[in-house]
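Only the coordinates and a few stated rules stand behind these numbers; no lab work does. The shown structure was predicted, so the numbers you read here are calculated from the model rather than taken from an experiment. Positions of Cβ are backbone-derived with ideal geometry, glycine not excepted, and every protein chain shown enters the neighbour counts.
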Amino acid sequence: MMIAERLRDEGYAIVGTNVMVGKYELDVVARRGREVVVVEVRSRRDDRFGPPAASIDEGKARRVRIAAWRLLRTTPALRRCRLRIDVAAVTFHPTTHVEYYRDVL
């Protein structure tokens, strides 16, 4: 997964991808020191129907926040970590393009 590779390049350890927290799924979870980053990845073949990030409505944002906080509370190694939630928007056509938004949810 290209987003996990990007975080690894920035010095993060990948805790998991497609991490299930109860009934919710977190796309990428990474950690560097006492910071945990959860990334919601949205992708589209092209931008004909709008940019991928626009597909995150308030309900989806709320579910990601709930799952991220629940993960920190229920994982002893992560309890004292600071949480940041990012969004990666990937468009594949005509070329692969990634827009990365830090600390947005």
Computed P(r) (all Cα pairs; the chain; 5 Å bins; percent)
2, 12, 24, 24, 19, 11, 5, 2, 0
Please report the net charge: other residues with Cβ closer than 12 Å to the Cβ of Ala67, K and R +1, D and E -1.
+4
With Cβ to Cβ distances under 12 Å as the rule, what net charge do the other residues near Val21 carry (K, R +1; D, E -1)?
+3
Net charge around Arg32, counting only other residues with Cβ within less than 11 Å of its Cβ (Lys, Arg = +1; Asp, Glu = -1)?
+3
Taking every DSSP beta bridge that has both residues in the chain, what percent is antiparallel when rounded to the nearest 5?
65
Burial-style ranking of 89-102, 27-40, average other-beta-carbon count within 10 Å with highest first, yields 27-40, 89-102
Work out the length of the dipole vector of the chain about its Cα centre, built from +1 on the beta-carbon of each Lys and Arg and -1 on the beta-carbon of each Asp and Glu, and round it to the nearest 20 debye.
600
Which one of Ala4, Val41, Asn18 is farthest out on the positive end of the charge dipole of the chain, using unit charges on Cβ (Lys, Arg +1; Asp, Glu -1) and the Cα centre as origin?
Asn18
